[in-house]
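Where a number appears in this text, it was derived from the coordinates with a stated rule and is not lab data. This is a predicted model, so every value here is computed, not measured. All Cβ positions, even for glycine, are placed from backbone atoms using ideal geometry, and neighbour counts span all protein chains on display.
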Amino acid sequence: MFVQHTLEFGIAEDGDGNERAVLLASYNDMENVDFWEGLFLGTPFQDSILSEYVVTANMIEQLHLQWARTFDMAVSDIPVPIAAAAHVWDPEDVGSALHQWNPGYNWTQVALEVMKPTEDPVFISSSAFAPRFKPQEVEGALAMVDSVLDRYFL
């Protein structure tokens, strides 16, 4: 399997009465990088977020195949994402990531809620939730660390 981390954030309505889910499949490194980089070649996914690296239909197809296998479900039961983004940092030692967000979510509010999801001393600081920065870049992760420190410790 080439998907290392998958996070599911539940289901909500998108404003038009459609149920949508947020799924973040992110951060692949080591041996998985070559697999995903090879999928950058191909037809761009229709709702790929424009950036230096464009998500391809092949990437979405592979994600669906892997999720179907992981969750023992039919590929046809997995909805097509509304938007997708990918980024490669240093191809020699880091890899690429994919963040997907569905409509109906206020990115800033989600970032605040995810930052400290429980009463336990657990904090989440991830570039995936960096609303003012490019979420694919390390600066987004550092900005989220600053946000956690400012909100809970300073």
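So the values come out like this:
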{"item": "Interchain or long-range residues, amide H under 5 Å from residue 56's placed H", "result": "45"}
{"item": "Cβ-Cβ FRET estimate between residue 40 and residue 19, R0 fixed at 35 Å, reported to 0.05", "result": "0.70"}
{"item": "Estimated vicinal HN-Hα couplings, Hz - region 113-121 in sequence order (Karplus 6.51, -1.76, 1.60; Gly, Pro = x)", "result": "5, 6, 3, 9, x, 9, 6, 5, x"}
